[in-house]
Amino acid sequence: MYLYAVPRCQSVELYDLDKVWGGAHISLGKWDGTETQGIAKFNELKQWLANTSQFKQGSSWHPTKSVIDPIQHTLKCGLPWYMVHIKNSKTLDKIHHYIIDNNYAKSMGNDLHISAIPSGSHNTAKLDGIKNVITDSNVDWVVAFVRVEKGKDGKTYIERKGEAKILATI
């Protein structure tokens with residue numbers, strides 16, 4: 001089970017950024033305990049996110065162009081993909097450290113990024129389109145607790161077990 005920062009609603013463009021993992025997301029940590037324990041821990045995290053004085057009540061966080069830094073890589077099959085780093089985000093840094101420091105999940109590394117593969121069929125065919133989709137101020141981002149499983153049919157299935165709105169840092 002994983003903790004991701006994700007757009008509350010995955011538009012076609014956001015989903016196309018990384019179809020394999022359910023669309024645009026930022027990996028915050030991995031939970032190795034039972035699902036019941038994980039949901040209980042997630043509910044504690046959700047309370048902290050809603051009640052801490054470090055965040056502006058009634059606000060909403062989303063990546064802005066000032067905090068993203070895309071780097072192009074090439075996949076083994078020759079397709080381009082972008083690792084869109086999230087830099088200088090006090091909000092995500094606080095959340096990520098809180099998750100790790102309080103044993104809500106194991107770290108998956110300190111490199112907070114969104115994987116983006118140009119889809120070719122939508123606004124995400126080029127880097128500027130990817131940046132515009134990720135930084136859309138009309139899209140709220142949430143922390144989601146998700147289960148990822150491979151089905152008997154070989155497909156990857158992602159199920160959200162809970163979500164909590166990300167408020168902007170004061």
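Are there any pairs, at least 6 apart or on different chains, whose C-beta atoms fall under 7 Å, with the first in the stretch 105-119 and open to solvent by less than 60 Å² (accessible area, probe 1.4 Å) and the second modelled with pLDDT of 80 or more and among the charged types (D, E, K, R), and if so, which?
Here the result reads 105/30, each pair linking the stretch 105-119 to a residue that is modelled with pLDDT of 80 or more and among the charged types (D, E, K, R).
If only one of 159, 163, 149 is open to solvent by 70 Å² or more (accessible area, probe 1.4 Å), within 15 Å of residue 42 (Cβ to Cβ) and modelled with pLDDT of 75 or more, which one is it?
159
Does the stretch 55-67 contain any residue that is farther than 26 Å from residue 169 by Cα and modelled with pLDDT under 85?
There is no residue in the stretch 55-67 that is farther than 26 Å from residue 169 by Cα and modelled with pLDDT under 85.
Just checking, does the stretch 68-82 include any residue being in a loop (DSSP other than H, G, I, E, B), of a type in the set (Asp, Glu) and either surrounded by fewer than 17 Cβ atoms within 10 Å (Cβ to Cβ) or at pLDDT 80 or above (or both)?
no
Quick one: how many residues across the stretch 21-66 are under 29 Å from residue 82 (Cβ atoms) and surrounded by fewer than 20 Cβ atoms within 10 Å (Cβ to Cβ)?
Within the stretch 21-66, residues that are under 29 Å from residue 82 (Cβ atoms) and surrounded by fewer than 20 Cβ atoms within 10 Å (Cβ to Cβ) number 9.
Give the stretch 139-165 a look and list any residue that's aliphatic (A, V, I, L, M) and outside any loop (DSSP other than H, G, I, E, B), or say none.
142, 143, 144, 146, 148, 158, 164
Going by what's in this entry, would residue 131 be described as surrounded by 15 or more Cβ atoms within 10 Å (Cβ to Cβ), of a type outside the set (Val, Ile, Thr) and at pLDDT 75 or above?
Taking the combined requirement at face value, the residue satisfies it.
Of all residues in the stretch 123-167, how many are within 29 Å of residue 65 (Cα to Cα) and touching a residue at least 24 places away in the same chain (Cβ under 8 Å)?
Selection size over the stretch 123-167: 26.
Pull out all pairs, ordered by first then second residue, where Cβ-Cβ is under 6 Å, the residues are six or more apart or on different chains, the first lies in the stretch 72-85 and is in contact (Cβ under 8 Å) with a residue 12 or more places away in the chain and closer than 16 Å to residue 127 by Cβ, and the second is among the aliphatic types (A, V, I, L, M) and part of a loop (DSSP other than H, G, I, E, B).
81/75; 81/117
The values are calculated or read from the model by the stated rules, or taken from the named source; none is laboratory data. What you are looking at is a predicted structure, and each value in this text was computed from that prediction instead of being measured. Because the Cβ atoms are built from the backbone with ideal geometry, glycine has one as well, and the counts that use them run over all protein chains shown. Just the protein is used for accessible areas: all its heavy atoms, side chains included, with ligands, DNA and RNA removed. Shrake-Rupley method; radii C 1.70, N 1.55, O 1.52, S 1.80 Å.
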